[in-house]
């Protein structure tokens, strides 16, 4: 089965670490792929694009551990999705979290359409009122976070968005899989972003079930990532998504020489799956 949940390599370590954490402001955990958890000083905990799937072999094959079992997540105040792709809207990961925590799910229309087509509500007993459609220009209040929904330029998605998480401790940005574009320029003109994550990838060959090989480019390369981060104007950049797919992994350290001439970001912060940083 494509994108099935293969079980966690790490047991319940990561959900327990998040639950036990007592951030001074906002702490961020990188989940691999493009997923993150944010936890604020008041305990507000949100997930963005969590993905615990195995991929769709032989085309996509997961290259990093599965960091948690969704059934072990006991505290979640909201789940956000940036766009409709299977590694961002993933029933085996996200539906159990919604079922066990009663958290609201915020996503654009095409992402919600995936959850509806896959029958998340019926299969997991999720209240339909937990699903909330968001679009560019919307604002969502979740605990101590004010979340702004902004545009995103992702040519591979049908309706992508990005998110700005505002907190008294600072401002966090999640760009989904998007590349440089006018939406990011608006974010840079509107907000003062302290920390942001942007998808970084490479080009390579993928093999389908019939053995056919196709050349594919996913996410921003080094130059595009530098341009996107500069458009957003973030102080600190965390490259994401570089670790997940066989034949399309990349070296995030390669980004550093490409941002040197830009005013922002001032720092490229490299996180591996399971790492924690502070806003």
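Just one of (1) without any contact (Cβ under 8 Å) to a residue 60 or more places away in the chain; (2) more than 15 Å from residue 167 (Cβ to Cβ); (3) surrounded by 15 or more Cβ atoms within 10 Å (Cβ to Cβ) trips up residue 39, so point out which.
Only one criterion is unmet by residue 39, namely (2).
Kindly provide the set of residues from the range 46-58 that are at pLDDT 95 or above and either assigned to a loop (DSSP other than H, G, I, E, B) or surrounded by 22 or more Cβ atoms within 10 Å (Cβ to Cβ) (or both), ordered by number.
The answer is 46, 47, 48, 49, 50, 51, 52, 53, 54.
Quick test for you: out of 265, 239, pick the one residue that is touching a strand residue (DSSP E or B) at 6+ places or on another chain (Cβ under 6 Å), in a loop (DSSP other than H, G, I, E, B), within 22 Å of residue 152 (Cα to Cα) and at pLDDT 95 or above.
265
Every residue in the range 130-155 that is part of a loop (DSSP other than H, G, I, E, B) and surrounded by 20 or more Cβ atoms within 10 Å (Cβ to Cβ), please.
Scanning the range 130-155 gives 134, 152, 154.
Restricting to the range 242-262, name every residue that is in a loop (DSSP other than H, G, I, E, B) and either within 17 Å of residue 28 (Cβ to Cβ) or touching a residue at least 24 places away in the same chain (Cβ under 8 Å) (or both).
Selection gives 242, 243, 244, 246, 247, 248, 249, 250, 262.
Mind listing just one residue for me: the one in the range 60-112 that is without any contact (Cβ under 8 Å) to a residue 40 or more places away in the chain and in a strand (DSSP E or B) and, of those, farthest from residue 37 (Cα to Cα)?
Once the filter is applied, the top-ranked residue is 107.
Among the residues of the range 239-255, what is the count of those that are surrounded by 15 or more Cβ atoms within 10 Å (Cβ to Cβ) and over 16 Å from the mean Cα position of the chain (by Cα)? Walk me through it before giving the result.
Within the range 239-255, the subset surrounded by 15 or more Cβ atoms within 10 Å (Cβ to Cβ) is 239-250, 252, 254-255.
Narrowing the set further to residues that are over 16 Å from the mean Cα position of the chain (by Cα) leaves 246-250, 252, 254-255.
Counting residues in the range 239-255 that are surrounded by 15 or more Cβ atoms within 10 Å (Cβ to Cβ) and over 16 Å from the mean Cα position of the chain (by Cα) gives 8.
Could you list, in sequence order, all residues of the range 190-220 that are surrounded by fewer than 21 Cβ atoms within 10 Å (Cβ to Cβ) and either in a strand (DSSP E or B) or touching a helix residue (DSSP H, G or I) at 6+ places or on another chain (Cβ under 9 Å) (or both)?
191, 203, 204, 205, 206, 207, 213, 214, 215, 216, 217, listed by residue number.
Does residue 182 satisfy the condition of being farther than 22 Å from residue 42 by Cβ, in contact with a strand residue (DSSP E or B) (Cβ under 9 Å, 6 or more places away or on another chain) and surrounded by fewer than 19 Cβ atoms within 10 Å (Cβ to Cβ)?
yes
If residue 73 satisfies every condition in (1) out of contact with any strand residue (DSSP E or B) (no Cβ under 6 Å at 6 or more places or on another chain); (2) surrounded by 15 or more Cβ atoms within 10 Å (Cβ to Cβ); (3) within 22 Å of residue 269 (Cβ to Cβ) but one, which is the exception?
Among (1) out of contact with any strand residue (DSSP E or B) (no Cβ under 6 Å at 6 or more places or on another chain); (2) surrounded by 15 or more Cβ atoms within 10 Å (Cβ to Cβ); (3) within 22 Å of residue 269 (Cβ to Cβ), residue 73 violates only (3).
The values are calculated or read from the model by the stated rules, or taken from the named source; none is laboratory data. Not measured: the values here are computed from a predicted model. No Cβ is skipped: glycine too gets one built from the backbone with ideal geometry, and neighbour counts run over all protein chains shown.
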